[in-house]
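Everything below concerns the one structure shown next.
The values are calculated or read from the model by the stated rules, or taken from the named source; none is laboratory data. Computed from a predicted model, the values in this text were never measured in an experiment. FYI the Cβ positions are ideal-geometry reconstructions off the backbone, even for glycines, and counts take in every protein chain you see. Each accessible area value is taken on the protein alone, full model and side chains, heavy atoms only, with ligands, DNA and RNA left out. Shrake-Rupley method; radii C 1.70, N 1.55, O 1.52, S 1.80 Å.
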Amino acid sequence: MPITLRPLDARHFSAWLERSRAEYAKDLVALGQTSEDAYRHADTSMAHFFPSGIPTPGHVVFDVVDDAGVTVGYLWIGPDTSDDAGAWWIWDIVIDADKRGRGLGRTAMLLGEEYARAQGAHTLGLSVFGFNTGARGLYESLGYETTSVKMRKKLD
């Protein structure tokens, strides 16, 4: 299914910020954080990258749009936090749950790679939570390699 990346309309930015914040907090809760701590962490992260509700330089949020013109998810991409100007990062990608399994995420990732290359990127990294096996499989199939692993054991 053909898709495109369309820069997020500024009128929808505050709603996107809330959605991304909620998605991130939900994942942190799944990892064992309290809801309060997860939302505090998500708020701090969003405030860092979107001061005054707008992206920091180089960061862009795209709607992922299918061939019928329907928004099916989003992609947030930009420079990573290192001093290497050519190192970029997929900060967040979400395909709506009812649209998954159709190759939309794969195509969005490939389009994101093209965008990053056009901006001068020579590497593109990302983080994925260990429980997200579907995303991990997708990223590995696209050639992403594991560069670090965090592990935890519950002692309850």
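I need the phi-derived Karplus couplings for region 15-28: 6.51 cos²θ - 1.76 cosθ + 1.60, θ = phi - 60°, integer Hz, Gly and Pro marked x.
Running phi through 6.51 cos²θ - 1.76 cosθ + 1.60 with θ = phi - 60° gives 5, 5, 4, 5, 5, 5, 4, 5, 4, 5, 4, 4, 5, 5 Hz.
Could you order 6, 11 so the one with the most accessible surface comes first? Probe is 1.4 Å. Write out the running numbers ahead of the final one.
Details: 6 105, 11 185 Å².
Sorted descending by solvent-accessible area, the residues read 11, 6.
Just want the answer: with Cβ charges of +1 for Lys and Arg and -1 for Asp and Glu, which residue in 82, 41, 14 is farthest toward the dipole's positive end in the chain?
So the residue we want is 41.
When Lys and Arg each count +1 and Asp and Glu each count -1, what net charge do the other residues less than 13 Å away from residue 45, Cβ to Cβ, add up to? Intermediate values should be presented prior to the final figure.
Working: positive: 21, 40; negative: 23, 27, 37, 43, 92.
After counting each charged neighbour, the total is -3.
Can you give me the long-range amide H partners of residue 90? Hydrogens built in the peptide plane at 1.01 Å from N, cutoff under 5 Å, separation of 5 or more residues or another chain.
Here 125, 126 satisfy the definition.
So what's the net charge close to residue 4: Lys and Arg +1, Asp and Glu -1, counting the other residues with Cβ under 10 Å from its Cβ? The partial results should precede the final answer.
Values: positive: 6; negative: 63, 66, 67.
With Lys, Arg at +1 and Asp, Glu at -1, the neighbours total -2.
Per residue of region 104-118, what does 6.51 cos²θ - 1.76 cosθ + 1.60 with θ = phi - 60° give for ³J(HN,Hα)? Whole Hz please, x for Gly and Pro, Karplus curve as stated.
Taking θ as phi minus 60°, the curve returns 5, x, 4, 5, 4, 4, 5, 5, x, 4, 4, 4, 4, 4, 5 Hz for region 104-118.
For residue 64, what is the net charge nearby, where nearby means another residue's Cβ is under 15 Å from its Cβ and Lys, Arg count +1, Asp, Glu -1? List each step's numbers first, then the result.
Values: positive: 6, 19, 99, 100, 102, 106; negative: 9, 23, 63, 66, 67, 92, 96, 98, 113, 114.
Net local charge, residue 64 excluded: -4.
Of (i) 2, 9, 17, 23, 23, 15, 8, 3, 1, 0, 0; (ii) 2, 8, 17, 20, 22, 18, 9, 3, 1, 0; (iii) 2, 8, 12, 15, 17, 16, 13, 8, 5, 2, 1, 0, which is the value of P(r) over Cα pairs in 5 Å bins from 0, in percent derived from the coordinates here?
So the calculated entry is the one marked (ii).
Of all beta bridges DSSP finds with both residues in the chain, what is the antiparallel percent, to the nearest 5? Before the final figure, lay out the partial values.
On the way: 18 of 22 bridges.
Close to 80 percent.
So what are the ³J(HN,Hα) numbers for region 82-94, from phi and the Karplus equation (6.51, -1.76, 1.60; θ = phi - 60°), rounded to whole Hz, Gly and Pro as x?
Rounded to whole hertz, the list is 7, 8, 8, 4, x, 9, 10, 9, 8, 7, 6, 9, 9.
Considering only protein heavy atoms, what per residue accessible area in square angstrom results for region 1-116 with a 1.4 angstrom probe? Mind showing how you got there, number by number?
Working: 6060 Å² over 116 residues.
I get 52 Å² per residue for this part.
Long-range amide H contacts for residue 62: which residues qualify at under 5 Å (H placed 1.01 Å from N, peptide plane, sequence gap of 5 or more or a different chain)?
Sorted by chain and number, the residues that satisfy this are 8, 75, 76, 77.
Where the accessible area of region 6-156 is counted over protein heavy atoms with a 1.4 Å probe, how much of it, in %, is carbon and sulfur?
Numbers: 4880 of 9230 Å².
C and S fraction of accessible area: 53 percent.
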